[in-house]
Amino acid sequence: MMDHNFARRIVLLVSCFSTGLAIGLASPTTLFGQALQPKPVATTPAPDKDPLKILSDTARRLENEQTFEFKYKLREGDVIRWNVDHVAATETRAQADHDNTKSRAQSVVKWQITNVDSLGNATILLTLEAADMWQQTDEHPPVEYNSRNQRGEIPEVYRQFAEWIGVPMATYQINSIGQVIDRQEVYRNVKFGVGDVTMPLPGRPVRIGQAWRVPGNIMVRHNDGTQRKIVTQIEYRLQSVDNGVATVSFDTQVLTPVDDPRIESQLMQQMSQGTVLFDLNRGQMVGMDLAWNRRCLGFKGPDSSVAYNAKYIMRQLQSSAAGEDDKAKVVNKDHLQIGIRMAEDGPVFRW
């Protein structure tokens, strides 16, 4: 912990200067007397005497030594709403084929904290409350869906989403450091960009600049249909703390050697990096920013390429305490299914 009783001691160093005396010397063999000039004396610059700067430097040093503790503090009955904006563009070239797909998904997601046990494990019920989606491929007419103001028939690609509006999609149980210890999902492609529904916490106090790592894996497919597990890890690093809100950067790293472009193309959308905003006092995430800018060559022959560019922004729209929001509609758990997402299953919709 940081000691706020700063010691106000100012040490003044006094530089001592030596002086030289000019002496005139006459030599019997010289016609003129020669005056010897004093040799310049090297001086030591006076130290900075500004007490405010000294205090500022001390405060900065102590701040760098300060540690911060991360812990989720969710309470039963709490309701958290998120505003999510995900924009993506995928460009694929394979011989004579050239596809360019753009999409945008804006949504409102609700977390209902349905239970917190004696160990601090919180159960989160996730519901998609609203969605406004758009996508276009090449020069074809765009397709759109707006759950709040849909005009005409719902496009085929969005009919499944329309069925999920207002219905709980997943149930997660997390411990106080954000590890998912149980999950039941309706839709197996639910992703929040950081590897899971919450950011895993370090489990120990950390200083600014310190990092912690969380292991993971991604399943990929070979052309013959066999599966392969790619070992990964996400490195989190505390960048700063401002008014009790910590900024944490993260980056996905592949630990399994991969030299096959077909495998690399399946990993592209899973290789996320960005920042998370975490309110240390309230004990919950309040925002997230991600970006992708990746390209893979040769995934379907020497002349093929795929590029993926995307941005993802999630901000806390509303957080109400227990009893301040209506109870979420709970569906029978028999309808919830756990699924493992394959890396080539298609675009990932991150809500």
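Please treat every number below as a calculation from the coordinates, not as lab data. These figures come from a predicted structure and were not determined experimentally. Here the Cβ is made from the backbone with ideal geometry for all residues, glycine too, and neighbour counts use every protein chain on show.
Some observations on this one:
- Descending Cα extents along the principal axes, region 94-212, whole Å: 53, 36, 23
- Sorted largest first, the principal axis extents computed over the alpha-carbon atoms of region 165-288 equal 53, 38, 22 Å.
- Distant-in-sequence amide contacts of residue 317, defined by a placed amide H-H separation under 5 Å and a gap of 5 or more residues or a different chain, comprise 81, 82, 83.
- With a cut-off of 13 Å between beta carbons, the residues surrounding residue 151 carry a summed charge of -2, where Lys and Arg count +1 and Asp and Glu -1.
- Karplus (6.51, -1.76, 1.60) ³J(HN,Hα), θ = phi - 60°, over region 213-226, in Hz, Gly and Pro reported as x: 10, 10, x, x, 7, 10, 8, 10, 10, 8, 4, 7, x, 6
- Filter on 110/311; 110/229; 229/311; 53/73; 102/300 - keep pairs with C-alpha separation over 29 Å: 110/229; 53/73
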